[in-house]
1. In terms of Cα to Cα distance under 27 Å, which lysines are near enough to Lys333, apart from those fewer than 8 places away along the same chain?
2. Report, in listed order, any pair from Lys329/Lys570; Lys533/Lys570; Lys166/Lys267; Lys476/Lys585; Lys98/Lys166 with a Cα-Cα distance greater than 32 Å.
3. Any idea what the dipole of the stretch 115-290 comes to, in debye rounded to 20, about its Cα centre with Lys/Arg Cβ at +1 and Asp/Glu Cβ at -1?
4. Stretch Ser451-Leu319 to full length: gain in nm at 0.36 nm per residue minus the Cα-Cα span?
5. To make sure I understand, if each residue's beta carbon is the centre and we count other beta carbons within 10 Å, what order do Glu67, Glu531 fall in, fewest to most?
6. At 0.36 nm per residue, minus the direct Cα-Cα distance, what do Asp344 and Ile419 gain on full extension? Give it in nm, one decimal, please.
7. Give the separation of the Cα centroids, the stretch 186-252 to the stretch 106-140, in Å.
8. Sorted by average packing, counted as other Cβ atoms within 10 angstrom per residue and highest first, what order do 487-500, 108-121, 332-345 take?
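Please treat every number below as a calculation from the coordinates, not as lab data. Quick caveat, the model's predicted, so the values are computed rather than measured. Every residue, glycine as well, gets a Cβ built from its backbone with ideal geometry; the counts of neighbours run over all protein chains shown.
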Amino acid sequence: MYRKLRHSLQWKLVFMITAIITLVISVIGTVNYSKSINAIDSDVTRFSNQILTQANFNLSRYVEDNEHFFQTLGTSGEFRNWSTALNANAYHIYRSYKNMESKYIGPFIAYHPELLAIVFYSSNGYQSVYRNPDIPNYMLNTGYAMEKEPWFGQLPFEGEATRSVKVNISYVNSSGSPVQLPVLTYLQQFNYGNESSYLQMDISLISTQAILDAVKLGDTGSTFIVDESGTIITAHEQDQVGNRIDDNLQSVLSQNDSGSSYMKSTKQMIVYQIIPQTGWKIVSLIPYRELARSVFSIRNWTTVMTLVGIVIASLLVYLVATSITGRLKELRKTIGMTRLGRLDVRVNMKGSDEVAELGAAYNHLLDRMEDSIHELAESRIVQQHAILSALQAQINSHFLFNAMESINSMANLARHRGIMDTTVALSNMLRYTSNYQQTLVTLEEELKHVSDYLHIIRILYRDDVQFDMETEDEVKGARSLKAIIQPFVENCIKHGFETTAEPMMIRISARREGEAYVCIEIEDNGRGFTEEKLRELQQALALDRQAQEFMQLSRIGVLNVHYRLRAFYKDSRSGVSLSVTGEGKTCITLMFPYYTKDVYPL
């Protein structure tokens with residue numbers, strides 16, 4: 001697989017795009033899952049607090065009612081009469097008890113049928129017990145005596161009531177069998193004179209359990225009430241009453257009166273509130289998996305759909321990558337055949353996208369290569385012809401040099417100065433033009449060659465031919481092709497003076513054209529070109545001639561020089577141009593790049 005990824009663009013595209021899609025989906029899924037979990041935690045905490053607040057309100061009112069009734073009964077005149085009438089007759093005691101039953105206990109039971117029993121006890125050993133007849137299955141044992149309880153004698157001082165929940169074993173069912181019953185017990189000592197009286201009230205936890213049963217937080221969540229010590233007072237399951245909660249849970253509950261937390265050890269969400277005036281706390285434990293059940297379900301479905309989406313996306317990516325790389329493979333195959341020399345094979349590329357444009361560009365490149373190879377072959381043919389011509393010219397030049405030396409020697413013996421000067425000038429011209437190893441010369445050397453030619457012309461025609469040269473100093477060192485000025489001067493004499501026999505003035509000027517070019521102008525006062533001839537030459541100069549046409553141009557001075565400048569410099573501004581001056585005379589302008597050392601353009 002690694003080899004495919006390394007050497008195959010198709011598999012690289014598939015891997016990279018699939019990886020990007022997977023990364024994007026994973027990031028979105030993770031963020032969405034995290035946000036959902038946080039939202040659920042917040043919603044569960046808020047919802048649980050609302051439910052516990054309502055339950056707490058009901059429990060608070062329930063406890064307040066019990067305590068209010070207990071204090072009302074303990075401070076009533078009837079209880080005082082019962083406590084102080086212990087030394088009186090039994091009827092008086094019985095009547096005080098019945099007064100408490102009818103005035104206080106009866107109305108309270110009407111609204112709180114969970115009251116189990118009320119025990120009145122005097123330090124003198126007299127005891128009266130009220131048993132709720134509406135709960136026959138949980139009746140206080142007829143043999144119950146408060147002074148036999150292990151906690152008796154440890155009651156708080158007067159005015160301080162105790163509240164406790166424990167499993168009481170002093171109750172029996174309707175058959176008289178003992179039962180274990182979780183009971184909320186209120187106890188308080190009252191002093192009247194020298195005597196002490198004790199009031200005990202047992203209340204069933206049925207009402208508190210009913211309040212807890214109304215708290216529905218999940219299918220497996222649990223709600224219970226604990227006291228300050230961490231002992232369970234009331235719970236859905238009665239067998240939990242009296243048990244102590246876990247130390248970790250107690251540590252969480254002891255931090256604040258109300259709040260919520262997550263226990264990692266049990267993976268449960270804890271929501272708790274304190275019950276006012278009691279110090280008890282109502283606690284709900286909700287398994288976190290149950291809370292996040294919907295999120296887990298969404299997560300699982302999201303995971304499945306993501307995997308399916310990645311598989312489908314991978315297939316689509318593969319198809320798209322194949323459609324792109326297939327054409328690239330075709331292009332690669334064509335390039336391989338090109339390396340083997342098959343320039344006739346072209347890319348069969350369809351479409352209008354970048355790949356198709358690349359294929360079309362490569363086909364165009366192959367066409368250009370074929371043209372270039374064809375032109376190169378023709379150029380080599382011309383080059384070979386030029387080499388043969390040069391070799392032949394060297395033979396001819398050698399003969400001419402020897403002849404010029406002989407003529408010069410004879411003129412010297414005859415002391416004919418004109419012949420000597422002409423021979424020397426002609427010899428200089430021959431040496432200049434026959435040196436085929438030197439392609440570029442300085443413009444100063446090229447103008448010296450023109451001067452030698454004009455010197456011969458002055459000897460032939462004397463003052464009938466005048467010339468003037470103006471050359472800027474900075475262009476004298478510019479590099480120039482050989483024999484690009486003399487042909488035009490020769491044409492001026494040939495088509496001017498030799499045709500009309502009228503005196504002629506030839507002006508040659510060389511200057512810089514901007515920063516990059518050298519401009520040479522050749523102008524005479526002859527009759528110039530006819531309009532038809534001028535138009536014909538201008539059209540010929542505008543043509544883009546090929547190398548094979550060089551042989552046809554070798555005898556035409558204007559076109560020959562123009563082609564040589566264009567072929568050597570490969571510059572659109574280089575070459576020869578013809579124009580008409582304000583006086584109707586023709587001006588020949590040569591333009592080529594300005595260099596101060598040998599430059600051979602590629």
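1. Excluding near neighbours in sequence, the set is Lys4, Lys12, Lys350.
2. On the way: Lys329/Lys570 37 Å; Lys533/Lys570 27 Å; Lys166/Lys267 30 Å; Lys476/Lys585 27 Å; Lys98/Lys166 29 Å.
Table pairs above 32 Å Cα-Cα are Lys329/Lys570.
3. The calculation lands at about 320 debye.
4. On the way: separation 132, 0.36 × 132 = 47.52 nm, distance 7.70 nm.
Value of the extension gain: 39.8 nm.
5. Working: Glu67 16, Glu531 9.
Going from sparsest to densest Cβ surroundings: Glu531, Glu67.
6. Values: separation 75, 0.36 × 75 = 27.00 nm, distance 6.37 nm.
Answer, rounded to one decimal: 20.6 nm.
7. 19 Å
8. Details: 487-500: 17.1, 108-121: 19.0, 332-345: 12.1.
Result, highest mean Cβ count within 10 Å first: 108-121, 487-500, 332-345.
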